[in-house]
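Okay, so here's the structure we're looking at.
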Amino acid sequence: MQLSEQEIVRREKLTKLREMGINPYPAALYPINATSKSIKDSFEEGKNVVLAGRLMSRRIQGKASFAELQDGEGRIQVYFNRDEICPSEDKTLYNEVYKKLLDIGDIIGVEGTLFTTQVGEKTVMVNNFTVLSKALRPLPLPKVDADGNVYDEFNDPELRYRQRYVDLVVNPSVKDTFIKRTKITNSIREFYNAKGYLEVETPILQPIPGGAAARPFLTHHNALNIPLYLRIANELYLKRLIVGGFDGVYEFSKDFRNEGMDRTHNPEFTVMELYVSYKDYNWMMDTTEQLLEKVAIDATGSTQVQVGDHSIDFKAPYPRVPILEAIKTHTGFDVAGMNEKQLREVAQKLHIEVDETMGVGKLIDEIFGETCEHHYVQPTFIIDYPKEMSPLTKEHRNNPALTERFELMVNGKELANAYSELNDPIDQRERFEEQLRLSEKGDDEAMFIDQDFLRALEYGMPPTSGIGIGIDRLVMLLTNNSSIQEVLFFPQMRPEKKQVQLTDEEKVIMDILNSKGEMALSELKEKASLSGKKWDKSTKNLAKLGLFEVEKTEDSLVARVKQ
């Protein structure tokens, strides 16, 4: 492992601490009795406190020093005075340990008394301190010049998502996002628990990936010698519990879909699904309005939240717009009753890309998604979807071509999907068989037939309404984040490129080549000034690493950096 100069220095300090008999990673409990927040909230001059945190800044002025300590609740100023810490003649703890062997980022515990500085800053006068964890890597802290300009901020998304632990330390607003996420999920739990609904857990490894139209992840169980799928939804298991006699069940479900990644999609994501017996989708719309109004207030203090350039109000009630009306309003086409061929023609006229695997349901979904979705910024229920789009949904009570389904649109994106659940086992079997036909046609997101779920329905499921709410998207809205990666502690990332360790000779060649992009091989060899043996070994290895290539032209051999 190649270390930077700062990393080498920190390791040397680590060794010196150990040589002094100081364990830089002690095992014993540290008796904290205060935090930065509790000190500020109930400040009492002269009070003795014990707290711990990460050293984030310091200003050493001879025998005294002001520093900032950061704990889980914020920062507080601490004051180190040599004679206070070292009342005897031995000043080693201050002069050597504090001044020379501690670094920004180290975690320490301090014991001291509270006082207020001349400028009114609440501060801890340190009587003693303990090294709790020596940091071997420097934190990427931003720098501020005399004019207030900030430099070297840790704001590269790639690095922030890969090293979330660093992101949380140096960017306090990131931590606020995840605290708010917990407030959101707690608020949802409070709402449902107050209604007497039971939070449950259902399988993540499933023999059939049911409950949604999506491409699953496939794995293998060695002991049983069977394929298993990571769940794409928990719907069918929750409905089994309704069959079993529970009146209302909900689950915060980790779902997995083996599809693309972008700013609003991660292959692993969180959905809250709720199923309540003897209810329908009208009741569910009313309930969802009440829920989201409460959640917005609990998380932000208001029903109005800023999302990008839009102010979105979660105050109930929300408009209810039939999907076919929405398409007619925004495209001018009345697609009600159209067959697959007619829908393809409409899509073509609207310049929407479709393929042969798409049936009626997917075509309507594509038309709505491309031409209508973005218009619904304020919370809006899009209702009454065609039957072909909704294989698990009850037929509409007034129109057999439609289903009792709604999707909640907010800021131009789907936030929730809900139904009056289909509980007719014969109708459900026919819908599953239609999905099988789509699968045979090449639709790799068509649903599987779940025979056990059909068996459960045959025992009788009461009229039920169910909903799935995308928790990640809800958090994005309530924290004003446009990327799903910002609301996941550890989002899925592409494999990290390994840093290639080059020899000194290889570095010479690459430095010359990088400055030019490409040049004659003979000129490169001359500029590198390497022996024949070192030249041959270095160029061969660079080619093997995929950094360097040589192309034969009419006049000469040309070396270039390989893209």
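The values are calculated or read from the model by the stated rules, or taken from the named source; none is laboratory data. Values in this document were obtained by computation on a predicted structure and should not be read as measured data. Note: ideal-geometry Cβ built from the backbone for every residue, glycine included; neighbour counts use all protein chains shown. Quick note on the areas: whole protein, heavy atoms, side chains included, nothing else; ligands and nucleic acids left out. Shrake-Rupley method; radii C 1.70, N 1.55, O 1.52, S 1.80 Å.
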- [ ] Report the label-to-label distance for residue 147 and residue 246 in nanometres (one decimal), using points 7 Å from each Cα along the Cα→Cβ vector.
- [x] 6.1 nm
Task: Sequence-distant lysines (8 or more away, or on other chains) whose Cα lies within less than 23 Å of residue 279 - done: 195, 239, 294, 315, 387, 394
Task: Residue-normalised accessible area of the range 504-561, expressed per residue, 1.4 Å probe, Å² - done: 66 Å²
Task: Stretch gain in nm, segment residue 89-residue 258, where the contour uses 0.36 nm per residue and the Cα spacing is subtracted - done: 54.2 nm
Open item on the list: I'd like the Kirkwood hydrodynamic radius of the range 46-123, using the inverse of the mean 1/r over distinct C-alpha pairs, in Å.
Closed with: 13.0 Å
Open item on the list: Just to confirm, what accessible area per residue do you get for the range 318-444 at 1.4 Å probe, in whole Å²?
Closed with: 47 Å²
- [ ] Mind giving me the nanometre distance, one decimal, between the label points for residue 42 and residue 63, set 7 Å out from Cα along Cα→Cβ?
- [x] 3.6 nm
- [ ] Which order do the peptides 23-32, 76-85, 201-210 take when ranked by the mean count of other beta-carbon atoms within 10 Å per residue, highest first?
- [x] 76-85, 201-210, 23-32
Open item on the list: If you count only protein heavy atoms and use a 1.4 Å probe, how large is the accessible surface of residue 395, to the nearest 10 Å²?
Closed with: 70 Å²
- [ ] For the range 5-139, please report how many Lys pairs fall under 22 Å Cα to Cα, leaving out neighbours fewer than 8 apart on the same chain.
- [x] 23
Open item on the list: Sequence gap at least 6, Cα distance under 8 Å: using those rules, report the relative contact order of the chain to the nearest whole percent.
Closed with: 11 percent
TODO: Place a label point 7 angstrom from the Cα of residue 116 along the Cα-to-Cβ direction, then list the residues of the range 31-46 whose backbone nitrogen is under 16 Å away.
DONE: 39-46
Task: Estimated FRET transfer efficiency when R0 is 22 angstrom, pair residue 523-residue 162 (beta carbons, to 0.05) - done: 0.05
- [ ] Ratio to report: Rg/Rh of the range 5-139, with Cα atoms as the point set and Rh obtained by the Kirkwood method; give two decimals.
- [x] 0.95
Open item on the list: I'd like the distance separating the alpha-carbon centroids of the range 510-529 and the range 190-204, in whole Å.
Closed with: 66 Å
Task: Principal-axis tilt of helix 281-300 within the chain, Cα atoms, nearest 10 degrees - done: 10 degrees
Task: Per residue solvent-accessible surface (Å²) - the range 5-139, probe of 1.4 Å - done: 52 Å²
Task: Cα→Cβ-extended label distance, 7 Å offset, between residue 175 and residue 297, nm - done: 3.0 nm
- [ ] Compute the long axis of helix 425-441 from its Cα atoms, compare it with the longest principal axis of the Cα atoms of the chain, and write down the angle in degrees, 0 to 90, nearest 10.
- [x] 70 degrees
Task: Gyration tensor (alpha-carbon) shape descriptor, the range 294-435, a/c threshold 1.5 - done: oblate
Open item on the list: With viscosity set to 0.890 mPa s at 25 °C, what whole-number translational diffusion coefficient in µm²/s follows for the range 504-561 from Stokes-Einstein and a Kirkwood radius over Cα pairs?
Closed with: 219 µm²/s
TODO: Using a 1.4 Å probe over the heavy atoms of the protein chains, calculate the carbon and sulfur portion of the accessible area of the chain as a whole percent.
DONE: 49 percent
Task: Projected-area mean, the chain, by convex hull of Cα positions, square nanometres - done: 39.1 nm²
Open item on the list: Between residue 490 and residue 553, what is 0.36 nm times their sequence separation minus the Cα-Cα distance? Round to one decimal in nm.
Closed with: 17.9 nm
